[in-house]
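The values are calculated or read from the model by the stated rules, or taken from the named source; none is laboratory data. Here the structure is a predicted model, which means the values were calculated and not measured. Note: ideal-geometry Cβ built from the backbone for every residue, glycine included; neighbour counts use all protein chains shown.
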Amino acid sequence: MSIAFPTPDAGILARRDAILAGLAPLVAPDALIVTEDERRAFETDALTAYRRLPLAVVLPSSTEEVAAVMRFCSENGVKVVARGAGTSLAGGAIPQEDAIVIGVSKLARVLETDFANRTMRVQAGITNLAISQAVAHEGFFYAPDPSSQLACTIAGNVAMNSGGAHCLKYGVTTNNLLGLTVVLVDGTVVEIGGDMLDAPGYDFLGLMTGSEGQLGIVTEATVRILRAAEGARPALMGFESVEECGACVAAIIGAGIIPVALEYMDKPAIEICEAFAHAGYPLDVEAMLIIEVEGSEEEIEDAFARIVAIAEPFNPRALKVAQTEAEAAAIWKGRKSAFGATGRVADYICMDGTIPTGQLPVALRRIDEIVKGYGLGVANVFHAGDGNLHPLVMFDTNKPGEMEKAEAAGEDILRLCVELGGCLTGEHGVGIEKRDLMTTQYNREDLAQQLRVRGVFDPLWLLNPAKVFPLEGRELDETPTNGREAA
Amino acid sequence: MTIHSPASEDEVRALVCDAAGRAVPLAVAGGATKHGVGRPAQTQETLSTRGLSGVTLYEPAELVIGARAGTPLAEVEATLAEKGQRLAFEPADWRALLGTEGEPTIGAVAAANVSGPRRIMVGAARDALIGVRFVNGRGEAVKNGGRVMKNVTGLDLVKTLAGSWGTLAILTEVTFKVLPIPQRTATLVYSGLDDTRAVTALCAALGSPFEVTGAAHVPGDGGGAGTLIRIEGFEASVRYRLGELKSLLAEYGEPGLVEDADGEALWRGVRDVAPLVTPPERAVWKISTAPSRGPALAAAIGAQTEARWLYDWGGGLVWLAAAADEAATRIVREATRAHRGHATLVRAPADLRAAVDVFEPLPEAMMRLTKGLKASFDPKGIFEPGRMYAGV
């Protein structure tokens, strides 16, 4: 276990009974979870290697209850970890012993749907998929679609600025959000934005999105809903080399075509997924693309005719454009089962760096070298259009030291992403997992500015304090640098 | 008025340190074409970004362009056009509207978050902006975001700076996501619709699967109104979607079809608010609301004071010209609030901008955060003090 948690505040632990007594009148009796057995369910998220039992868990039923709990915590110096569905792969929702968890799972209602203006107001604990399902009967959907969409909440999506497979065309959470109700650390409730396309004043909507539960707790959101395309179909294309595959992606985009999804899988990923899903993936290629386009039948045919012609010089193998629903489902089934299928053959950690897409062949070669250097294996699946890599570093948790090796390999991969001009995390968030790597992407001034902005919202570090920013270096030198000679 | 024109980020830092040391506020300008937006400046010195010029990164296959903040917008657009790409959010040119001359810069596009009609489909300038370098009020050079479009590493200060009008920091370099220029662009023009029917038609078009990239309505007397719906893409796709939209909107009459240079001119007019440029003494407001509330909002203002307006963003953006006085200002603010919108006084004489709120007044808690945010970037308050809000 290499990632450090702050030492729990002994004073808070000693006052646990008093704190629980103070919380009890603020929410319904069944909304305050205190027994150890019940708290266990909240001790980790999808980064299951790390666990901490929280002081207590509160599951409020209204914005007012969240505000009352936040006010109490603020007045009593109690730390707060916000939780949606606990699906964070970065450990964003892992608690700490001296903190309470505020879970938004009971805030799961649709408040208002406005098809004419294409917006929807929801409580923040609603799942991502439930938003789309609530408007599907009119042919609408909510665009960001993280692979955990069945379980993950819009609160968590806002906290992490979640993406998905279709953001090349539709953008990520921050591009699909119009308004938020946020409870600040002192219990103040603020409305940010509204149901219009831009918000007044500074862009607090953008700042809040991706702030990982460190600036406030989101209790309601207004999102854009979009009318779904008339149809969508994927095609599958294999390549004998990573270079040809990368060049083909560049050529498609260079020709002015923005597919709604452009997913890459390497040979190990293809083999693992094919063995699991029997999707009909080619096993004799080094790399494979799933390309999805949208529109009417006529438009889809036209787009694939263009794409196939563009791909021609790159010697695509096993080219298959889905002709039926069943073929389309099969093509996607393999990709969508990538994480589950990998989990059947090995333990793995899923990384999430982004690289400039032009660096693809270099990145894949060096990822392979890095992982082999630790004596481990890797399967690569990623969003090729935007360079968001998801290398699955495989290991055997029963072999002593392998998990630590996998973590080290993962860190090396993320450093590589930064070195190639990319970033540490494309859509999972920093959480606790990448916290100590922040200094590879940002220097002291870069981080200090973020810390100062954070300090506007939470000067006492009560909100999800173990995350995002390295534990060292949080104390800022407030001596004015004004007048200092420029370096 | 002293104008500093640093040629490098280090020079920007030195100038900022010097100004902060002397406690002298700075106006921040690129081409100064939007200088008259905001509360009148009380600054004696200007820091111009024009010396920070040039495209620093362009990777067409990665859909990304980066440039120093003072690079002329026209240069960025020409660079992109050579490879068949563009800034998809359609940055507006407010020179005619504001009666200014000079060269708009790419940094100001970010700082003012100016987006045109295509905002409804592809997002605003703030959505396309993926990376910034800037100098804060402490004279520190800071980067945030980067050159990749998927990036959630740390706090998103990129968005924070978009639309901050130079009040938080001086942008030194900006990186935008770009998109291809489509093969064909075509616009359906419906005539003679009243505002409510027009916006209903626009909502229907935007709620269709046919990917409308422009939805505007310009009211007119005696049947001169034009309701515009734009479709872009590959030829076969555009042809198909035009046909489908015409069927969908059959009840609104037989539309005209405008393409090529005429179409470009039409949308440039909407983007740059051409119908409200004259008479120049009128105040011009940019009002945001949900599209279906737009017509009632505009009508509520029109019922109380002489006003003209047009709708973009499917009806959700109301550009409105009214008298440049406090009485009309009060009417606009009250009607906007009543229709749950917000309004910015984009054009008005300095004395009016000094006397009334230019940006939408904020609730007390948001104002507290706003002041805190300002102080976190610019603790001595030297960048464009008071431009957006008094004391910010």
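Please verify whether the stretch B:289-298 includes one or more residues that are surrounded by 17 or more Cβ atoms within 10 Å (Cβ to Cβ), over 17 Å from the mean Cα position of the chain (by Cα) and in the same structural domain as B:Leu245 (by TED's automatic domain parsing).
Checking the stretch B:289-298: not a single residue is surrounded by 17 or more Cβ atoms within 10 Å (Cβ to Cβ), over 17 Å from the mean Cα position of the chain (by Cα) and in the same structural domain as B:Leu245 (by TED's automatic domain parsing).
Quick one: count up the residues across the stretch A:322-347 that are within 19 Å of A:His383 (Cα to Cα) and either in contact with a Leu (Cβ under 8 Å, 6 or more places away or on another chain) or without any contact (Cβ under 8 Å) to a residue 60 or more places away in the chain (or both).
Qualifying residue count for the region: 7.
How many of the residues in the stretch A:227-246 are outside any loop (DSSP other than H, G, I, E, B) and either crowded, with 21+ Cβ neighbours inside 10 Å or of a type in the set (Asp, Glu) (or both)?
Of the residues in the stretch A:227-246, 12 are outside any loop (DSSP other than H, G, I, E, B) and either crowded, with 21+ Cβ neighbours inside 10 Å or of a type in the set (Asp, Glu) (or both).
Of all residues being away from every other protein chain (no Cβ under 14 Å) and not small (Gly, Ala, Ser) in the stretch B:310-331, which is surrounded by the most Cβ atoms within 10 Å (Cβ to Cβ)? Just the residue, please.
B:Leu320
Inside the stretch A:35-60, can you point out the residues that are surrounded by fewer than 18 Cβ atoms within 10 Å (Cβ to Cβ) and more than 25 Å from the chain's Cα centre (by Cα)?
A:Thr35, A:Glu36, A:Asp37, A:Glu38 - these are the residues of the stretch A:35-60 that are surrounded by fewer than 18 Cβ atoms within 10 Å (Cβ to Cβ) and more than 25 Å from the chain's Cα centre (by Cα).
Which one of A:Val249, A:Val223 is modelled with pLDDT under 95 and within 14 Å of chain B (Cβ to nearest Cβ)?
Only one candidate qualifies: A:Val249.
Any idea how many residues of the stretch A:197-213 are more than 8 Å from chain B (Cβ to nearest Cβ) and either more than 30 Å from B:Thr213 (Cα to Cα) or surrounded by fewer than 24 Cβ atoms within 10 Å (Cβ to Cβ) (or both)?
Looking only at that region, the number is 2.
Going through the stretch A:1-19 one residue at a time, which ones are assigned to a helix (DSSP H, G or I) and exposed (fewer than 15 other Cβ atoms within 10 Å of the Cβ)?
Correct list: A:Ala10, A:Gly11, A:Leu13, A:Ala14, A:Asp17, A:Ala18.
Please list, ordered by residue number, the helices (runs of 4 or more DSSP H) wholly in the stretch B:124-218 having 2 or more residues that are more than 10 Å from chain A (Cβ to nearest Cβ).
Ranges flagged: B:195-206.
Taking the stretch B:1-17 as the search range and keeping residues that are aliphatic (A, V, I, L, M) and crowded, with 20+ Cβ neighbours inside 10 Å, which one is farthest from the chain's Cα centre (by Cα)?
Of everything passing the filter in the stretch B:1-17, B:Leu15 is farthest from the chain's Cα centre (by Cα).
Is one or more of the residues making up the stretch B:51-62 touching a residue at least 60 places away in the same chain (Cβ under 8 Å), within 12 Å of chain A (Cβ to nearest Cβ) and buried (at least 23 other Cβ atoms within 10 Å of the Cβ)?
yes
Given A:Asp45, A:Asp17, which one is within 27 Å of A:Glu220 (Cα to Cα) and of a type in the set (Asp, Glu)?
Exactly one residue qualifies, and that residue is A:Asp45.
May I ask you to say which residue of B:Ala20, B:Ala88 is crowded, with 22+ Cβ neighbours inside 10 Å, within 14 Å of chain A (Cβ to nearest Cβ) and not in a loop (DSSP other than H, G, I, E, B)?
The unique qualifying residue is B:Ala20.
Table: residues versus (1) within 14 Å of chain B (Cβ to nearest Cβ); (2) buried (at least 23 other Cβ atoms within 10 Å of the Cβ); (3) among the polar types (S, T, N, Q).
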residue	(1), (2), (3)
A:His383	yes, yes, no
A:Asp396	no, no, no
A:Leu420	yes, no, no
A:Glu427	yes, yes, no
A:Arg435	yes, no, no
A:Thr439	yes, no, yes
A:Leu451	yes, no, no
A:Gly473	yes, no, no
A:Leu476	yes, no, no
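Only one of B:Gly154, B:Gly131, B:Gly145, B:Gly163 is out of contact with any strand residue (DSSP E or B) (no Cβ under 6 Å at 6 or more places or on another chain), farther than 27 Å from B:Val270 by Cβ and at pLDDT 95 or above; which?
Just one listed residue meets the conditions, B:Gly154.
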